[in-house]
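So the structure is just underneath, and the comments pick up after that.
No value in this document is a laboratory result; all are computed from the given coordinates. Please read all numbers here as calculations on a predicted model, not as lab measurements. Here Cβ is always computed from backbone atoms with ideal geometry, including for glycine, and neighbour counts include all displayed protein chains.
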Amino acid sequence: MNECLFCRIAAREVPADVVHESDHIVGFRDINPQAPTHILLITKEHVSSARDVDEDLGKVLGELFRTAAHLARAEGIDEGGWRLVTNVGPDAGQSVHHLHFHLLGGRQMDWPPG
Ligand code: AMP
């Protein structure tokens, strides 16, 4: 059995509030939201982090960015603005080792992040 939590969510073995699915990516609401909209966008293919992205993933990542923009419009956060972030490694606070982007919006955000 695959032990990766996000692989298991992508395979629908673990329940999640899925808001988008295609052949290559899945979007679902973060279980511990940090903003009114907090959606995680993952590749279905297991990639550990942005550190491990290779050229073959370029098209999928293009789709992921377009999906983030589409979901931001659908969530009503496009006008106010939104953030798309991916954490890599312990200093950044990466806790799930499967490439994912946090789509955050619906409140004023600080910069730099904590
Ligand atoms: P990161 O800390 O950047 O690796 O982000 C992992 C994110 O996954 C965190 O924001 C968690 O709240 C979220 N998370 C962990 N388990 C689940 C789950 N079962 N369903 C949805 N989100 C989750």
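Screening ILE9 with (1) within 13 Å of the ligand (Cβ to nearest atom); (2) outside any loop (DSSP other than H, G, I, E, B); (3) closer than 22 Å to GLY106 by Cβ gives one miss only, at (3). The residue list LEU71, LEU104, LEU64, LEU57 contains one member that is surrounded by 11 or more Cβ atoms within 10 Å (Cβ to Cβ), within 11 Å of the ligand (Cβ to nearest atom) and not hydroxyl-bearing (Ser, Thr, Tyr), which is LEU104. Among the residues of the stretch 79-114, those that are without any contact (Cβ under 8 Å) to a residue 12 or more places away in the chain, assigned to a loop (DSSP other than H, G, I, E, B) and farther than 12 Å from LEU40 by Cβ comprise GLU79, GLY93, GLN108, ASP110, TRP111, PRO112, GLY114.
Note on the stretch 13-54: residues that are near the ligand (Cβ under 10 Å from one of its atoms), closer than 11 Å to LEU99 by Cβ and not in a loop (DSSP other than H, G, I, E, B) amount to 2.
Listed by first and then second residue, the pairs with beta-carbon distance under 6 Å, at least 6 apart or on different chains, first residue in the stretch 5-19 and within 19 Å of HIS38 (Cα to Cα) and aliphatic (A, V, I, L, M), second within 11 Å of the ligand (Cβ to nearest atom) and assigned to a loop (DSSP other than H, G, I, E, B), are LEU5/VAL96; ILE9/ALA16.
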